[in-house]
């Protein structure tokens, strides 16, 4: 399924990212495997955000909106017991051990996210998470130029789209507040991302 999306869905610019939404605004979190993006998206869903995806940001070339693909959230290794404790009411399937990625389990997407799977969201925040126990959680403003480069590195089809991909990514980055986000604690990290949505709502 992942291959079908990133190799064939070229009507979208596709980033390797977790995406959640609140108040019609999308929080896009591109990151490499192991950076904590799926764990963060599970925590945010528990706190009232809508899941668009824990794997893909599908950014439309037509309207610039981010479109949902709300499949189960894939959790690995220590993230599995962490989310079981953090959000015990969320439904999680069995753990599969000794896979290529170690122990893996999948979290069922909330029914509301599935029911609203035809409802896109407008990009608002582009945040690059990185779990790191050596630093305290904190959002660090990131320049648009640096965010563009980092997002292009996270795209599955930026090169395939050529000039159109460059233009689409530039428009996307320009719409977003951009941050680096090292974090060492899940609850503190989720609270910081909640404040982004609260600050945007209060400023509106």
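The values are calculated or read from the model by the stated rules, or taken from the named source; none is laboratory data. No experiment lies behind these values; they were computed from the predicted model shown. Please note: Cβ atoms are built from the backbone with ideal geometry, for glycine as well, and neighbour counts cover all protein chains shown.
When the range 24-61 is filtered for residues that are part of a helix (DSSP H, G or I) and surrounded by fewer than 21 Cβ atoms within 10 Å (Cβ to Cβ), only 46 remains. Here the range 166-188 is the region considered, the condition is being touching a helix residue (DSSP H, G or I) at 6+ places or on another chain (Cβ under 6 Å) and modelled with pLDDT under 95, and the residue that is surrounded by the most Cβ atoms within 10 Å (Cβ to Cβ) is 183. Would the range 21-29 turn up any residue that is free of Cβ contacts under 8 Å to residues at least 60 places away in the same chain and over 13 Å from residue 126 (Cα atoms)? No, because not a single residue in the range 21-29 is free of Cβ contacts under 8 Å to residues at least 60 places away in the same chain and over 13 Å from residue 126 (Cα atoms). Considering 115, 119, the condition of being at pLDDT 95 or above, within 17 Å of the chain's Cα centre (by Cα) and farther than 22 Å from residue 157 by Cβ is satisfied by 119 alone.
Every test in (1) more than 19 Å from residue 15 (Cα to Cα); (2) surrounded by 15 or more Cβ atoms within 10 Å (Cβ to Cβ) is passed by residue 64 save one, and that test is (1). Within the range 90-126, restricting attention to residues that are free of Cβ contacts under 8 Å to residues at least 24 places away in the same chain and not in a strand (DSSP E or B), which residue is surrounded by the fewest Cβ atoms within 10 Å (Cβ to Cβ)? Residue satisfying both the conditions and the ranking: 100. Filtering the range 127-143 to residues that are surrounded by 13 or more Cβ atoms within 10 Å (Cβ to Cβ) and either more than 15 Å from the chain's Cα centre (by Cα) or not in a strand (DSSP E or B) (or both) leaves 132, 137, 138, 139, 142.
The residue that is nearest to residue 12 (Cα to Cα), counting only those in the range 140-161 that are at pLDDT 95 or above and out of contact with any strand residue (DSSP E or B) (no Cβ under 7 Å at 6 or more places or on another chain), is 152.
Can you name the residue in the range 151-180 that is assigned to a strand (DSSP E or B) and without any contact (Cβ under 8 Å) to a residue 60 or more places away in the chain and, of all such residues, is farthest from residue 23 (Cα to Cα)? I'd like the intermediate steps shown before the answer.
First, pick out the residues of the range 151-180 that are assigned to a strand (DSSP E or B): 155, 177-180.
Now narrow it down to the ones that are without any contact (Cβ under 8 Å) to a residue 60 or more places away in the chain: 177-180.
Working: 177: 16, 178: 18, 179: 20, 180: 22 Å.
The extreme case among them is 180.
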